[in-house]
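The values are calculated or read from the model by the stated rules, or taken from the named source; none is laboratory data. Since we're looking at a predicted model, the values are computed, not measured. FYI the Cβ positions are ideal-geometry reconstructions off the backbone, even for glycines, and counts take in every protein chain you see. Just so you know, the surface numbers come from the protein's heavy atoms only, side chains and all, with ligands and any DNA or RNA stripped out. Shrake-Rupley method; radii C 1.70, N 1.55, O 1.52, S 1.80 Å.
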Protein chains: 2
Amino acid sequence: MQERSAIASSATEDYVKVIYSHTEWQPEPITSSVLAARLGLAPSSVTEMVKKLAAAGLATHVPYGAVTLTSEGRSLALRMLRRHRLIETWLVESFGYGWDEVHDEAEVLEHAVSDRFLEAIAGKLGHPLRDPHGDPIPRADGSVEQPDAVLLADAPDGFSGPVVRISDRDPALLQYLGDQGFALDSVVTVVERRPFGGALAVRLDGAGFDLGDEATRAVWLGAGSS
Amino acid sequence: MQERSAIASSATEDYVKVIYSHTEWQPEPITSSVLAARLGLAPSSVTEMVKKLAAAGLATHVPYGAVTLTSEGRSLALRMLRRHRLIETWLVESFGYGWDEVHDEAEVLEHAVSDRFLEAIAGKLGHPLRDPHGDPIPRADGSVEQPDAVLLADAPDGFSGPVVRISDRDPALLQYLGDQGFALDSVVTVVERRPFGGALAVRLDGAGFDLGDEATRAVWLGAGSS
DNA sequence: CCTATAATTTCGGTGTGCCGAAAATACGTG
DNA sequence: CACGTATTTTCGGCACACCGAAATTATAGG
């Protein structure tokens, strides 16, 4: 029998969160090198730490292969995502942070606040189910509403639908998209895909512009029409 | 020339805060063993860490003697006290925490929140100058209003004055005093000092009771009358 | 002033989490 | 299928902050 839910270190919480987050966007499990890149660490550090996660019963690891979470690891990850996203929502709603400014603050606070405190802010916010970027906020019991959505990069020409989610990975991109008028629920229409891997022409609030590869792979559109 | 204000570790912040706090109550500088006791650490750990504080230009240390802060150390300490006390105030005002419940949460958050965040809550609270225990909150520029007050243990018989400060060191004591009706600004009158180091009889809101040594050395009364 | 006791420091050691360099393994291409 | 490249792991090391045991220094009482 493994150690039953010993208190996880801040590092452990970060690893687990990143491992889980990856599967939110991509079905394939994450590899060491991607994990290292996301965490900004050397690959060797990741290998070592993943071994510890496995020893703690939070992850399983095929040597030279992928890293997967156990159900215990997944539940810790969901707990951390709930914390991160509730805190982000709260910073925007109650403190006037912009959606491009919340990430770093939430990154620190998610490890620091108590459950009591967290649930207090959840209550104040009316137990929201999505954060300022449209990311779903797991409930305290670990259940999540995964919105079905199509990546803007994958949307067919003519497709039109509301923005339901925007990746918060790159604050600069968030700021740029915000400046262009992108917001949750604003309706985007795919006008034309420029040939040879070029930009994607879209229309938003009547105005049209081109989006590069990075941007179109960071925006999800909800149920719409072709 | 020393390292100019490199970012202090959480441990450093704690040491400096405790060293400073001690001088708030007692004029003599703190010794290693008291520091160790306050921090809940082994004396040997403290010796070692104090050496690092000295190397960082935050403290000076006479071997086998006292630990004192440099002006740089003092300013870091004041910064941490401002954080701690603002957060405590905020937890009470905005989250319904009791004054005996805020300490642990604040202890963690004080190392985690950004300056931007801290000043946002300071603004929300109207830039208060004292926390729920009556402890003075340093201003952002490092200045502090030290209320002049007399320790209940030192007050003469017949002395009467408002509670201006209660030590937050022992949550259980805070809870007890709260239950007895003690609050900031409630007026306490010293009735009689029982002989042979006995309890102190006081009167509060018409009711009278005896307080032991520990309690009378945790309560300060403001300008009053004998 | 000298000694017993108390406070402090030194010393060797621990756990966590990180790194770079070198070795091991996997994988695509010819 | 064999070989070169890319990925992953192993290994030795480091910084931080902690510990207990042993050695050192301070201090109070006789």
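Per-structure values
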quantity	calculated
Some residue of region A:68-90 being surrounded by fewer than 14 Cβ atoms within 10 Å (Cβ to Cβ), within 12 Å of DNA strand C (Cβ to nearest atom) and either away from every other protein chain (no Cβ under 14 Å) or under 20 Å from A:VAL108 (Cα atoms) (or both)	no
Candidates A:ARG165, A:ARG139, filtered to the one that is away from chain B (no Cβ under 11 Å), touching an Asp or Glu at 6+ places or on another chain (Cβ under 9 Å) and open to solvent by less than 30 Å² (accessible area, probe 1.4 Å)	A:ARG165
Residue count, region B:50-67 (criterion: more than 9 Å from DNA strand C (Cβ to nearest atom) and open to solvent by 30 Å² or more (accessible area, probe 1.4 Å))	5
Region B:9-46 - residue that is of a type in the set (Val, Ile, Thr) and in contact with a helix residue (DSSP H, G or I) (Cβ under 6 Å, 6 or more places away or on another chain) and, of those, modelled with the lowest pLDDT	B:ILE30
Elements of type strands (runs of 3 or more DSSP E) in region A:121-226, at least 2 residues being within 22 Å of A:THR23 (Cβ to Cβ)	A:160-166, A:219-221
Single residue of A:VAL102, A:VAL113 found to be at the interface with chain B (Cβ under 8 Å from one of its Cβ atoms) and crowded, with 19+ Cβ neighbours inside 10 Å	A:VAL113
Residue within region B:56-79 that is touching a helix residue (DSSP H, G or I) at 6+ places or on another chain (Cβ under 6 Å) and closer than 30 Å to A:ILE87 by Cα present	yes
Close pairs from region B:32-56: first over 26 Å from B:SER167 (Cα atoms) and more than 14 Å from chain A (Cβ to nearest Cβ), partner within 11 Å of DNA strand D (Cβ to nearest atom) and modelled with pLDDT under 95, Cβ under 7 Å, at least 6 apart	B:ALA56/B:GLU3
Unique match (being without any contact (Cβ under 8 Å) to a residue 60 or more places away in the chain, within 25 Å of the chain's Cα centre (by Cα) and surrounded by 14 or more Cβ atoms within 10 Å (Cβ to Cβ)) among B:ASP210, B:ASP179	B:ASP210
Residue match in region B:9-32 (condition: within 11 Å of DNA strand C (Cβ to nearest atom) and either in contact with a Gly (Cβ under 8 Å, 6 or more places away or on another chain) or of a type in the set (Val, Ile, Thr) (or both))	yes
Test: residue in region B:56-74 that is near DNA strand D (Cβ under 9 Å from one of its atoms) and charged (D, E, K, R)	no
When residues of region A:37-47 are limited to those that are near DNA strand C (Cβ under 6 Å from one of its atoms) and more than 16 Å from A:SER10 (Cα to Cα), the one least open to solvent (accessible area, probe 1.4 Å)	A:ALA42
Qualifying residue in region B:176-189 (condition: at pLDDT below 85 and touching an Asp or Glu at 6+ places or on another chain (Cβ under 6 Å))	yes
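Listed here are the residues, each with its yes/no results for (1) out of contact with any strand residue (DSSP E or B) (no Cβ under 7 Å at 6 or more places or on another chain); (2) within 14 Å of chain A (Cβ to nearest Cβ); (3) surrounded by 14 or more Cβ atoms within 10 Å (Cβ to Cβ).
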| position | (1), (2), (3) |
| --- | --- |
| B:VAL92 | yes, yes, yes |
| B:GLY123 | yes, yes, no |
| B:ARG130 | no, no, yes |
| B:SER160 | no, no, yes |
